[in-house]
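I'd like to ask you about the structure that follows.
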Amino acid sequence: MDLKRIIIYTILFAVTILFATQGFTEFQSGSLLLPFLVVLGYFTIFFIVAQIIKDNSIVDMGWGLGFVFGAWATLFTTSNPTILSYVVVAFITLWGTRLSYRLIKRNWGKPEDFRYAQWRKEWGDKVVIIAFFRVFMIQGIINFVVGSASFYVIKFNEFDFTKNTQYVVLAGLLIALTGLFFEVVGDEQLRRHIKAGTRKLMDKGLWGITRHPNYFGEILIWVGLYLTGATLINSSVSIWFYLILIISPLLMSTVLIKVSTPLLEKHMSKYDGWEAYTKKTPIIFPWGKTE
């Protein structure tokens, strides 16, 4: 393993433990250690199934439900959940279940995704052990880190309709709902476009104001859920730790912008009219740059 990868993994693991233990201060029931272990256990089950069917790409199908399991594990270990706790759990359950269902429906019965198939060839006889750490455990860790800000909201929020923070919370929920709208509507518009069999570039509806409405929607979701944590400032979570939790939406945004988008853009560039489309339609943010 190269030095760069070792450094990245070390930092990611340190951040994970930081979030799971509330800044290395809580290693008992008041932490997120149990939800963290639940998420890792969930991805371990997917790893076992993947080895049986020889398809590591099924990890993508389980991505959304990883947040659902983490959210419910957090709720079950919360002594005094508020209405906001239940709202956040319900939202994550709706979003995560829909995402996993869509991916399962789309990919069920198909061969292993080309990316994972290529890695299988590159890793040779070490594919099982490497896939466990570099595919399933890494995704499990990232899944937990991204969801951790929401998990802290579920566990520690002190939401009260009489406090001024309610307006920040409501704004955050509105942003998250807007993100869900972009994901659901964008996916449905693309599904109908593909079903029509036109084999042309999709540039209508939400796809006419952003080249990746589902990615834009997901960024809004995690930013919105982070903002609902405004009530954490008055709880047992310090303002400094809450500010550190911004890594949650930033990590998801970075992965989508720097990793997922370039891969998908390369795939989409094979369609006729791609250059004209990129000149008039922003990459992710409707108000952003086109190139």
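The values are calculated or read from the model by the stated rules, or taken from the named source; none is laboratory data. Here the structure is a predicted model, which is why all the values come from computation and not from measurement. Methodologically, a virtual Cβ is constructed for each residue, glycine included, from the backbone with ideal geometry; neighbour enumeration extends over all protein chains shown. Side chains are part of the model used for accessible areas, which takes the heavy atoms of the whole protein and leaves out ligands, DNA and RNA. Shrake-Rupley method; radii C 1.70, N 1.55, O 1.52, S 1.80 Å.
So, of the residues in segment 204-260 that are of a type outside the set (A, V, I, L, M, F, W, C), part of a loop (DSSP other than H, G, I, E, B) and crowded, with 17+ Cβ neighbours inside 10 Å, which turns out to be nearest to the chain's Cα centre (by Cα)? Give the derivation first.
Of segment 204-260, the ones of a type outside the set (A, V, I, L, M, F, W, C) are 204-205, 208, 210-215, 217-218, 224, 226, 228-229, 231, 234-236, 238, 242, 248-249, 253-254, 258, 260.
With the extra rule that they be part of a loop (DSSP other than H, G, I, E, B), the set shrinks to 204, 210-212, 235-236, 238.
From what's left, crowded, with 17+ Cβ neighbours inside 10 Å: 210-212.
On the way: Thr210: 19, Arg211: 19, His212: 15 Å.
Applying the filter and picking the extreme gives His212.
For residues that are open to solvent by less than 30 Å² (accessible area, probe 1.4 Å) and assigned to a loop (DSSP other than H, G, I, E, B), scanning just segment 160-203, find the one that is nearest to Val237 (Cα to Cα).
Met202
Between a first residue in segment 235-262 that is closer than 17 Å to His212 by Cβ and a second residue that is open to solvent by 60 Å² or more (accessible area, probe 1.4 Å), which pairs have beta carbons less than 9 Å apart while being 6 or more apart in sequence or on different chains?
Listed pairs, sorted by first residue: none to list.
Also, quick follow-up: Looking for whichever is in a helix (DSSP H, G or I), among the hydrophobic types (A, V, I, L, M, F, W, C), touching a helix residue (DSSP H, G or I) at 6+ places or on another chain (Cβ under 7 Å) and more than 20 Å from Ala176 (Cβ to Cβ) here; the options are Ala73, Ala149. Which one fits?
Ala73
Would you mind stating whether Gly288 is of a type outside the set (Ser, Thr, Tyr) and farther than 26 Å from Asn157 by Cβ?
Details: of a type outside the set (Ser, Thr, Tyr): yes; farther than 26 Å from Asn157 by Cβ: yes.
So Gly288 passes the test.
Out of Tyr226, Tyr242, report the one residue that is at pLDDT below 95 and touching a Leu at 6+ places or on another chain (Cβ under 9 Å).
Sole residue among the options that is at pLDDT below 95 and touching a Leu at 6+ places or on another chain (Cβ under 9 Å): Tyr242.
Looking at Arg134, Arg102 in this structure, which one is more than 13 Å from the chain's Cα centre (by Cα) and closer than 17 Å to Leu12 by Cβ?
Only one candidate qualifies: Arg134.
Given Val49, Val39, Val59, Val15, which one is open to solvent by 40 Å² or more (accessible area, probe 1.4 Å) and either of a type outside the set (Asp, Glu) or part of a helix (DSSP H, G or I) (or both)?
Val49 is the lone residue from the list that is open to solvent by 40 Å² or more (accessible area, probe 1.4 Å) and either of a type outside the set (Asp, Glu) or part of a helix (DSSP H, G or I) (or both).
If you scan segment 264-282, which residues turn out to be without any contact (Cβ under 8 Å) to a residue 60 or more places away in the chain and assigned to a helix (DSSP H, G or I)?
Across segment 264-282, the qualifying residues are Leu264, Glu265, Lys266, His267, Glu275, Ala276, Lys279, Lys280.
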